Amino acid sequence: MALSDIIRDNINSLNYFLPELLLTGLVLLMIIADLLLKKERSPWMSIIALIGSGVVLFAIINQYELGSRSIFNNMLAVDEFSIFFKLLFLATTILVIFLSIASVELSGRSVGEYFTLLMILTLGLFLMASATHMITIFIAIELVSIISFALVTYLKTRRRSSEAGLKYAIYGAFSSGLMLYGISILYGLTGTLNIYEIGEVLAGRDTNSLALLISVLLIMAGFGYKIASVPFHFWSPDVYEGAPTPITAFLSIGPKAAGFAVIIRFFNVALSNYDGVAEQWLALSNINWPQIIAVIAAATMTLGNLVAIAQDNVKRLLAYSSIAHAGYALLGVVVLSSQGVYATLFYLVVYYFMNLGAFFVVIIFQDIIGSEKIDDFKGLASRAPIPAIAMGVFLFSLTGLPPTAGFIGKFYLFAALIKAGPEFYWLAIVGLLNSVVALYYYARILKAMFFDKISEGVSPEPLKISPYYVTLLAVLGIPTILVGLYWAPLANLASHSVHFLPTF
Amino acid sequence: MSNVLSWITFLPIIGALLIMFVPKSNKSLVKIIAALFTGLQLVLAIWIYMNFDQSTSQIQFREQYHWIPSFNIEYFMGIDGLSVPMVLLTAFLSFICIFASWKIDKSVKGYFAMFLLLDTGMMGVFCSLDFFLFYIFWEVMLLPMYFLIGIWGSPSRVEANGAVRGGPYAAIKFFLYTLFGSIFMLIAMLVLYFNVQDPVTGGHTFNMLHLMDQANHSGVLLNFDLRLWLYAALFLGFAIKVPVFPFHTWLPDAHVEAPTAVSVILAGVLLKMGTYGLLRISFPILPDAMRWHYFAYGLAILGLINILYGAFCAMAQKDLKKLVAYSSISHMGIVLLGMSGLTAMGMNGAVMQMFNHGTGTAMLFLLVGVIYDRAHHRQIDGFGGLAVRMPIYAAVVAIAFFAGLGLPGFSSFISEAFSFLGAFGSEMFDLRLITIISTFGIIITAAYFLWTFQRMFLGELNPKYAELPEINGRELFTLIPVAVLVVLLGVYPAPLLNLMQSSLNELVEVVKTAGPSSSTLLGLF
């Protein structure tokens, strides 16, 4: 390709890159604004962030009309799939901004750089969702990781926070190294880093399957780290526990969902062939990666759930539960069908509501009673009925019980598995048995809140819950129930978003 | 009255929502709303009874709408002779139980809202004909039940051996057991869905009537016909609910720790869902598996075990409520035995037994509640000579006990006789020996009921209870309607029998004749 063509393509691409450009502009604006507003701990930073997010939101929705195309010389893709994820990330960011405003935990620190970092993190997530080149994938993942390290350690004075950040950074560096090594092997095998070309080369000729297997496993280390799947999950409980809770909530959804975007795109484009008639991908014949992912999924949810049983700290318990949920969401990847991808997307949206909701209730109680221990949650239902009932809704949804959104999410995942045939029945049984285990530990929180008496020495006075909290709870809780009763609109959105370049 | 089934199902929820807006201090208004809405539900149930065409086995009061078109999930409600008795039972017991809960004092709003939500779940299970919808209702019931047992049941206590027991323990045990069962049901449901095609649209469907089309079912899994696996998975889900031995261990805990009204609902309605599920889903959708002799004999033998084991356990109990709980296990065994022979008589007996056990055990639990409210314990040996002090109470207990042991003239005599005779006379399977052994259960049942009556009511009056007040008007108001039904249906069972007969006879025919013959199934071996 001539240089002028490359430049022309880059310039033409700018129009498709508008949300990311706006986000970059917003970050720059916030850095300057922070300098000017430094003295006062004003709410202006969050307001700027929110308004900026709103503008970006319009730019993203506008992308639906521009149509799908590959931009910057096949470095990034703008398609329904990436738009879906960008919407999800932006929704996460907006909600986390609201949570952060309310959080007492963060009140001692300057919020300027906090919100700025959050927006950079969002930019990284956007790039992860659309990256179609191993280098952009790597850069996007690194951008997300490095900003995450900074945000996790944001409470400098809290020991656990710093410790969490350090662990996170070490694990991150390690898994990035592994992933880079895997990418280099893949480059050696195929002579290209563009995932479409990798797919073509691998489909076209027989490559050494052992080398391919090693490279895929190494790359999976990088991806697995992002979604916290076994055996790359070790960082997550410590990080989730140590980080400021709004950041924990963010990490449990944003980077995780982005990890799924990358995994689905990479595996389905580079390592499978699409059969348009059956709406089904076929894994490359010389590497049975669906089985590898199936085993990872089973191990992830089982380990996450079993370890969660033993936790006494609600935040840590939710950390393990979110490991388990990554395992569930992987079920949709295993089956290699549009239905599977669709189920995963649906699940991520549902997970957004219920998981953010559960973390938000933890934030509320942490602010009021100053503890995250299950034992200190005793009798809270009588002292603060609204957050307690909301917690009930979120936890039942996380368990996957009707009539909540969580059930529908799981239903689609298991439907995709069963549809894929008897070879995955075992995985369905493992997955469903896991929800029984999950019920057991979620119910421990409910038991403490609803069944147990208030501990001695704790005043039974009702707790004041501000209307701001109640509104946010409603924003998260009402969809959690509504989607469980009528989910056709969300189902349409998800089935629309299965389309990614260049297969359709 | 179109949409009567939607109304009867969702009326309680409307009541529950109204209750949310009642100020906390106004406890009596909450109770009145609950009574009003369950009362309306009962009126609708009676209306359905009057307008139900007993001569046909067709689905009636049908409502069918698209719900989630992309997955072909329908809102499909309808009832036939199998569901109507259960609808009546649910409405009747729910209404009675509101009054049995009148003395609830702890977070009244929450209790009645949960109770009404439970009511909707139960009614929905019996009215839905779309498997997905059925499953939703089935699961929706778990949440209120969990809270009802956990919050309003007996408080946590530490037993002598260090184990923690009480309401919260029983609640989570019930929840985990049932959820464990229903995940297998979910898998079976999905496998059925992907096997079956809607004859009109060609898409997959959860419609139970389409699921019955045997042409859809094929496939082999691990050397066994897929239908056998499906039957086994569904059976596991339903068996835990019944509960069939050895899945019964949640029952004594849940029944004993729950508040009186919730025990009544648990034993009176929830247990029936297991057998209802077998008859509504397993039998007609997978008749070949049911006819497979291993499963048929297995069902009969499990029935036998339930009958004898439940009866022996009941005899060994010191706690009156536990005794009643184990008697439920024993009586539900008769239902299993009755249906296993695939005869019209046995099937009618089984469904009648479901209804009659519902009323009979409701009386027993209500009566346990009466004495517990007064004496604050339930130890059978802790009483004595109560008949002197509480003659009316003793008389009602006598009716309930006689009904429980199946004395002629009481409703359960007829249903038990039908069940045993039906199983004995089975043409497809030789269940004679199993039936004969099972009938010993009746003798044991008579023994423990009479022995209990003797210990509690006859002999010297325990001086501790010389001042025990007689049963009061509210309690009699909850008991007398049930007692009337128990005696009436014992003397003249036709109203109940006619209601179900045509549907159940049809069901037996369907199971006996539908689909490829058994030999194709057995050809695998």
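Looking only at residues that are within 17 Å of residue B:482 (Cβ to Cβ) and among the small types (Gly, Ala, Ser) in segment B:95-125, which one is surrounded by the fewest Cβ atoms within 10 Å (Cβ to Cβ)?
Residue satisfying both the conditions and the ranking: B:101.
Quick check on residue A:215: is it surrounded by 17 or more Cβ atoms within 10 Å (Cβ to Cβ), touching a Phe, Trp or Tyr at 6+ places or on another chain (Cβ under 6 Å) and part of a helix (DSSP H, G or I)?
Working: surrounded by 17 or more Cβ atoms within 10 Å (Cβ to Cβ): yes; touching a Phe, Trp or Tyr at 6+ places or on another chain (Cβ under 6 Å): no; part of a helix (DSSP H, G or I): yes.
In short, no.
Scan B:88, B:18, B:44 and give me the residue that is in contact (Cβ under 8 Å) with a residue 12 or more places away in the chain, over 30 Å from residue B:497 (Cα atoms) and not in a strand (DSSP E or B). Give the derivation first.
On the way: B:88 fails: over 30 Å from residue B:497 (Cα atoms); B:44 fails: over 30 Å from residue B:497 (Cα atoms).
It is B:18.
Any residue in segment B:99-116 that is at positive phi and either in contact (Cβ under 8 Å) with a residue 40 or more places away in the chain or not β-branched (Val, Ile, Thr) (or both)?
Checked against the condition, which is being at positive phi and either in contact (Cβ under 8 Å) with a residue 40 or more places away in the chain or not β-branched (Val, Ile, Thr) (or both), segment B:99-116 yields at least one hit.
Taking segment A:460-504 on its own, how many of its residues are small (Gly, Ala, Ser) and under 30 Å from residue A:368 (Cβ atoms)?
Our first condition is that a residue be small (Gly, Ala, Ser); within segment A:460-504, this holds for A:466, A:474, A:477, A:484, A:488, A:491, A:494-495, A:497.
Then drop every residue that is not under 30 Å from residue A:368 (Cβ atoms), which leaves A:466, A:474, A:477, A:484.
Residues that pass the stated criteria total 4.
Can you tell me which residue in segment B:191-215 is nearest to residue A:426 (Cα to Cα), limited to those that are without any contact (Cβ under 8 Å) to a residue 24 or more places away in the chain and in a helix (DSSP H, G or I)? Before you say what the answer is, go through the steps one by one.
Initial filter on segment B:191-215 (without any contact (Cβ under 8 Å) to a residue 24 or more places away in the chain): B:194, B:196-197, B:199-200, B:202, B:210, B:213, B:215.
Now narrow it down to the ones that are in a helix (DSSP H, G or I): B:194, B:210, B:215.
Numbers: B:194: 17, B:210: 27, B:215: 26 Å.
Once the filter is applied, the top-ranked residue is B:194.
When you go through (1) at pLDDT below 90; (2) surrounded by 12 or more Cβ atoms within 10 Å (Cβ to Cβ); (3) assigned to a helix (DSSP H, G or I) one by one for residue B:488, which number turns out not to apply?
All conditions pass for residue B:488, except number (1).
Within segment B:75-82, is there a residue that is of a type in the set (Val, Ile, Thr), crowded, with 23+ Cβ neighbours inside 10 Å, away from chain A (no Cβ under 14 Å) and in contact with a strand residue (DSSP E or B) (Cβ under 7 Å, 6 or more places away or on another chain)?
The answer is yes; a qualifying residue exists.
Could you list all residues from segment A:434-451 that are hydrophobic (A, V, I, L, M, F, W, C) and within 7 Å of another protein chain (Cβ to nearest Cβ)?
Selection gives A:436, A:439, A:443, A:450, A:451.
Which of (1) surrounded by fewer than 22 Cβ atoms within 10 Å (Cβ to Cβ); (2) closer than 29 Å to residue A:34 by Cβ; (3) of a type in the set (Ser, Thr, Tyr) does residue A:148 not meet, given it meets every other one?
With respect to (1) surrounded by fewer than 22 Cβ atoms within 10 Å (Cβ to Cβ); (2) closer than 29 Å to residue A:34 by Cβ; (3) of a type in the set (Ser, Thr, Tyr), residue A:148 is out only on (1).
For segment B:173-219, enumerate the residues that are more than 32 Å from the chain's Cα centre (by Cα) and at the interface with chain A (Cβ under 9 Å from one of its Cβ atoms).
B:219, the sole residue that qualifies.
Scan segment B:33-55 and give yes if some residue there is hydroxyl-bearing (Ser, Thr, Tyr), under 30 Å from residue A:493 (Cβ atoms) and either within 14 Å of chain A (Cβ to nearest Cβ) or surrounded by 14 or more Cβ atoms within 10 Å (Cβ to Cβ) (or both), otherwise no.
At the first step, the residues of segment B:33-55 found to be hydroxyl-bearing (Ser, Thr, Tyr) are B:38, B:49, B:55.
When the remaining residues are screened for being under 30 Å from residue A:493 (Cβ atoms), the result is none.
No: zero hits.
Taking the condition of being of a type in the set (D, E, K, R) and surrounded by 22 or more Cβ atoms within 10 Å (Cβ to Cβ), how many residues in segment B:187-220 meet it?
Looking only at that region, the number is 0.
Residue by residue, here is whether (1) surrounded by fewer than 24 Cβ atoms within 10 Å (Cβ to Cβ); (2) over 18 Å from residue B:87 (Cα atoms) holds:
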| position | (1), (2) |
| --- | --- |
| B:264 | no, no |
| B:269 | no, no |
| B:278 | no, no |
| B:282 | no, yes |
| B:289 | no, yes |
| B:297 | yes, yes |
| B:302 | yes, yes |
| B:306 | no, yes |
| B:310 | no, yes |
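Tally the residues that are over 20 Å from residue A:120 (Cα atoms) and of a type in the set (Val, Ile, Thr), restricting the search to segment A:223-253.
Residues that pass the stated criteria total 1.
Which one of A:382, A:397 is more than 9 Å from every other protein chain (Cβ to nearest Cβ) and assigned to a helix (DSSP H, G or I)?
Only one candidate passes the filter, namely A:397.
Kindly indicate whether any position in segment B:15-30 is at pLDDT 90 or above, of a type in the set (Phe, Trp, Tyr) and out of contact with any Lys or Arg (no Cβ under 7 Å at 6 or more places or on another chain).
No, there is no match, as no residue in segment B:15-30 is at pLDDT 90 or above, of a type in the set (Phe, Trp, Tyr) and out of contact with any Lys or Arg (no Cβ under 7 Å at 6 or more places or on another chain).
Determine whether residue A:94 is farther than 30 Å from residue A:5 by Cα, modelled with pLDDT of 90 or more and either of a type outside the set (Ser, Thr, Tyr) or assigned by TED's automatic domain parsing to the domain that holds residue A:343 (or both).
Taking the combined requirement at face value, the residue satisfies it.
Anything in segment B:149-162 that is hydrophobic (A, V, I, L, M, F, W, C) and within 11 Å of chain A (Cβ to nearest Cβ)? List them, or say none. Write out each step before concluding.
Of all residues in segment B:149-162, those hydrophobic (A, V, I, L, M, F, W, C) come to B:149, B:151-152, B:158, B:160.
The answer is B:149, B:151, B:152.
If a residue has to be surrounded by 12 or more Cβ atoms within 10 Å (Cβ to Cβ) and away from chain B (no Cβ under 13 Å) to count, how many in segment A:467-497 make the cut?
Qualifying residue count, segment A:467-497: 13.
I want to confirm something. Restricting to segment A:189-200 and keeping residues that are at pLDDT 85 or above and over 29 Å from the mean Cα position of the chain (by Cα), which single residue is farthest from residue A:215 (Cα to Cα)?
Of everything passing the filter in segment A:189-200, A:191 is farthest from residue A:215 (Cα to Cα).
For the condition out of contact with any Ser or Thr (no Cβ under 6 Å at 6 or more places or on another chain), over 17 Å from residue B:135 (Cα atoms) and modelled with pLDDT of 90 or more, what is the one hit in A:458, A:437, A:393? Break it down into steps so the answer makes sense when it comes.
On the way: A:458 fails: modelled with pLDDT of 90 or more; A:393 fails: out of contact with any Ser or Thr (no Cβ under 6 Å at 6 or more places or on another chain).
Result of the check over A:458, A:437, A:393: A:437.
Within segment B:318-397, which helices (runs of 4 or more DSSP H) (wholly inside it) include 2 or more residues that are in contact with a His (Cβ under 6 Å, 6 or more places away or on another chain)?
B:320-340
So which of B:143, B:129, B:116 ends up being at the interface with chain A (Cβ under 8 Å from one of its Cβ atoms), of a type outside the set (S, T, N, Q) and under 19 Å from the mean Cα position of the chain (by Cα)?
Checking each option against the conditions leaves just B:143.
Just for segment A:363-379: of the residues that are closer than 16 Å to residue A:313 by Cα, in contact (Cβ under 8 Å) with a residue 40 or more places away in the chain and not in a helix (DSSP H, G or I), which one is nearest to the other protein chains (Cβ to nearest Cβ)?
If we take residues in segment A:363-379 being closer than 16 Å to residue A:313 by Cα, in contact (Cβ under 8 Å) with a residue 40 or more places away in the chain and not in a helix (DSSP H, G or I), then A:378 is nearest to the other protein chains (Cβ to nearest Cβ).
Of (1) in contact with a Gly (Cβ under 6 Å, 6 or more places away or on another chain); (2) farther than 14 Å from residue B:234 by Cα; (3) more than 8 Å from every other protein chain (Cβ to nearest Cβ), residue B:168 satisfies all except one. Which?
Residue B:168 satisfies all of (1) in contact with a Gly (Cβ under 6 Å, 6 or more places away or on another chain); (2) farther than 14 Å from residue B:234 by Cα; (3) more than 8 Å from every other protein chain (Cβ to nearest Cβ) except (3).
Here is a yes/no grid of residues against (1) within 26 Å of residue A:90 (Cα to Cα); (2) touching a Ser or Thr at 6+ places or on another chain (Cβ under 7 Å); (3) surrounded by fewer than 24 Cβ atoms within 10 Å (Cβ to Cβ); (4) within 14 Å of chain B (Cβ to nearest Cβ):
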| residue | (1), (2), (3), (4) |
| --- | --- |
| A:303 | no, no, yes, no |
| A:306 | no, no, yes, no |
| A:326 | yes, yes, no, no |
| A:330 | yes, yes, no, no |
| A:353 | yes, yes, no, no |
| A:361 | yes, no, no, no |
| A:405 | yes, yes, no, yes |
| A:420 | no, yes, yes, yes |
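The values are calculated or read from the model by the stated rules, or taken from the named source; none is laboratory data. It should be emphasised that the depicted structure is a prediction, and the values quoted were computed from it without experimental measurement. Cβ: placed from backbone, ideal geometry, glycine included. Neighbour counts: every protein chain shown.
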